[in-house]
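Note sheet for the following structure.
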Amino acid sequence: MADAALGSRRVVLRLRVRRWFCDNPNCSARTFAEQIAGLTSPYARRSPLARGMLEAIGLALAGRAGARLAGALGLPASRSTLLRLVRALPDPQPAGVAVLGVDDFALRRGRVYGTVLVDITTHRPVDLLGDREADTFARWLREHPGTKVICRDRAGAYADGARHGAPAAIQVADRWHLWHNLAQHVEKTVAAHHRCLNATEPVSPGQLGQLDQPPTASPGPAIDVEQVATGAAAARADSRAIVVRTQQRYAAVQALVAQGKGIKAIMRELGLAKETVRRFVRASSVEDLLATPRAGRPSILDAFTPYLHQRWNQGCTSASQLFREIREQGYVGSLGTVIAYVRPFRVTGATAGAAPPATPPPPKVRHITGWLLRHPDTLDADEQLKLEEVLARCPHLDALAGHVTGFAELLTGLHGDRLDAWIDQVERDELPHLRSFAAGLKRDHTAVVNGLTMPYSSGTVEGTVNRIKMLKRQMYGRAKFDLLRKRVLLA
């Protein structure tokens, strides 16, 4: 029988024990061996000490890596043996938890998700559930009474499950998720107003006639203007079709929600994916679905703008000629893009004015969003200067910065009593995306106020989710739920 290694050398015990026979013909055990307490177990070929060491290795490293370590320690075992030992461990019996943290994790990203439950007080995982449905979470709470506080994200499923499974428990919206939700709406707002940073000086009414005049033509290959116009019209038609389809789906989903139907029923009736239905259900308006942060992306013309400015100031004011020149340098865009870019350079009269110096493009949406969400003390001098220039050029972004600072003060200072005043200030400004965020806070008002007042947060839950990701990588993404559950709860 194998025992624990001695000095990394394998140890084998040779035992002499008595063998017993049963004279009862109805007994299934006709013969059995004498057991030595603390050293042997029925049918086992390892001592309890050796088995315990292999179980610990399997819980820590799973199959392949665990087998390599076990061999180096003088306890040779295959990866299948290690996994079999882990699966044979008794299932943990979770007890009631006073302060419970809940979040989801991906078993197969985008397809299969589970739920992790963590004791916020001890930072220990309590249980893993095979899905993230409200009924499953509510059933677990009813089977394990005693939960007084539930710290969760903004997902509606966990809110409903907590409401039905532990109606007396206090629900707390996690502060990290609140800040993350705010960041998403801040990015949409910055994208919506990013064009303000590209705006040129206002054009006087007397200049409008000149701006509408076509550029001076120069000899050269003909440009298929009809083809360019047809392509633009097709792009506009596709865009309008997407808007109409989104509006129709939003109306259909909201009508079914008003009838009291759940997400699964809406999925079956409309033939939509679950995440699509969930997104349409959570949206406060169709504008939230149509708005996407697409501004701030590099233009196909960016690499050629210095050359265009140079040639314009040298006297070449024909957009067609400039188009042909940069096309020889590798430009693959359209003539219309060049015409639109040089149009502000033209001034009243027959002569052309000088183009302004080529200026660098404005900061990208993600950079501005990051500056707004970071503490001012963490910005260097260059970032502070660029942010000040951005806020000076767009009053909407300036107002947005004030609201972000105000919410950060609520979050870090636990001033939940000021939330209503912050929401009122947001609703008075013309910032639709931030209004949408405020509307979501009002729908989950009690939990949000608790999250901005009570000291509980889901930081330890997020740490457990990261640990689950690491365990999945160790098992090469092929871990079954039962094995993953035991590794998380027992390791």
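The values are calculated or read from the model by the stated rules, or taken from the named source; none is laboratory data. Every value quoted in this text rests on a predicted model; they were computed, and no experiment measured them. Backbone-built Cβ (ideal geometry, glycine too); neighbour counts: all protein chains shown. These accessible areas exclude ligands, DNA and RNA; they are computed on the full protein's heavy atoms, side chains included. Shrake-Rupley method; radii C 1.70, N 1.55, O 1.52, S 1.80 Å.
Here's the yes/no breakdown for (1) free of Cβ contacts under 8 Å to residues at least 12 places away in the same chain; (2) over 17 Å from A173 (Cα atoms); (3) open to solvent by 50 Å² or more (accessible area, probe 1.4 Å):
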| residue | (1), (2), (3) |
| --- | --- |
| G114 | no, yes, no |
| T121 | no, no, yes |
| A134 | no, no, no |
| R154 | no, no, yes |
| Y158 | no, no, no |
(Q) If I go through the stretch 65-85 residue by residue, how many of them are more than 12 Å from E55 (Cα to Cα) and not small (G, A, S)? (A) 4
Q) If we scan the stretch 438-451, do we find a residue that is more than 30 Å from V488 (Cβ to Cβ), in contact (Cβ under 8 Å) with a residue 60 or more places away in the chain and of a type in the set (G, A, S)? A) yes
Q) Does the stretch 87-107 contain at least one residue that is over 21 Å from T136 (Cβ atoms) and not in a loop (DSSP other than H, G, I, E, B)? A) yes
**Q.** Lone qualifier among L73, L82, L39, L13 - being surrounded by 13 or more Cβ atoms within 10 Å (Cβ to Cβ) and under 30 Å from L117 (Cβ atoms)
**A.** L82
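Rundown of residues vs (1) at pLDDT 85 or above; (2) open to solvent by 70 Å² or more (accessible area, probe 1.4 Å); (3) within 30 Å of T189 (Cβ to Cβ), yes/no style:
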residue	(1), (2), (3)
P298	no, yes, yes
D302	no, no, yes
C316	yes, no, no
E328	yes, yes, no
V342	no, no, no
T348	no, yes, no
Q: Give the stretch 125-149 a look and list any residue that's touching a strand residue (DSSP E or B) at 6+ places or on another chain (Cβ under 9 Å), over 12 Å from T115 (Cα atoms) and in a loop (DSSP other than H, G, I, E, B), or say none.
A: H144, T147, K148
**Q.** Filtered residues of the stretch 150-180 (kept if farther than 22 Å from G114 by Cβ and over 17 Å from the mean Cα position of the chain (by Cα))
**A.** P167, A168, I170
Q) Out of the stretch 126-151, which residues are within 21 Å of G262 (Cα to Cα) and not hydrophobic (A, V, I, L, M, F, W, C)? A) G130, D131, R132, E133, D135, T136, R139
Q: Exactly one condition in (1) at pLDDT 85 or above; (2) more than 25 Å from R443 (Cα to Cα); (3) open to solvent by less than 70 Å² (accessible area, probe 1.4 Å) is not met by E269; state its number.
A: (3)
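Each row is one residue, and each column tells you yes or no for (1) at pLDDT 85 or above; (2) outside any helix (DSSP H, G or I); (3) open to solvent by 30 Å² or more (accessible area, probe 1.4 Å); (4) touching a helix residue (DSSP H, G or I) at 6+ places or on another chain (Cβ under 9 Å).
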{"residue": "L411", "(1), (2), (3), (4)": "yes, no, no, yes"}
{"residue": "D420", "(1), (2), (3), (4)": "yes, no, yes, yes"}
{"residue": "L441", "(1), (2), (3), (4)": "yes, no, no, yes"}
{"residue": "V448", "(1), (2), (3), (4)": "yes, no, no, yes"}
{"residue": "G463", "(1), (2), (3), (4)": "yes, no, yes, no"}
{"residue": "L471", "(1), (2), (3), (4)": "no, no, no, yes"}
Q) Looking at this structure, is S436 open to solvent by 40 Å² or more (accessible area, probe 1.4 Å), in contact with a helix residue (DSSP H, G or I) (Cβ under 6 Å, 6 or more places away or on another chain), within 22 Å of D174 (Cα to Cα) and not hydrophobic (A, V, I, L, M, F, W, C)? A) no
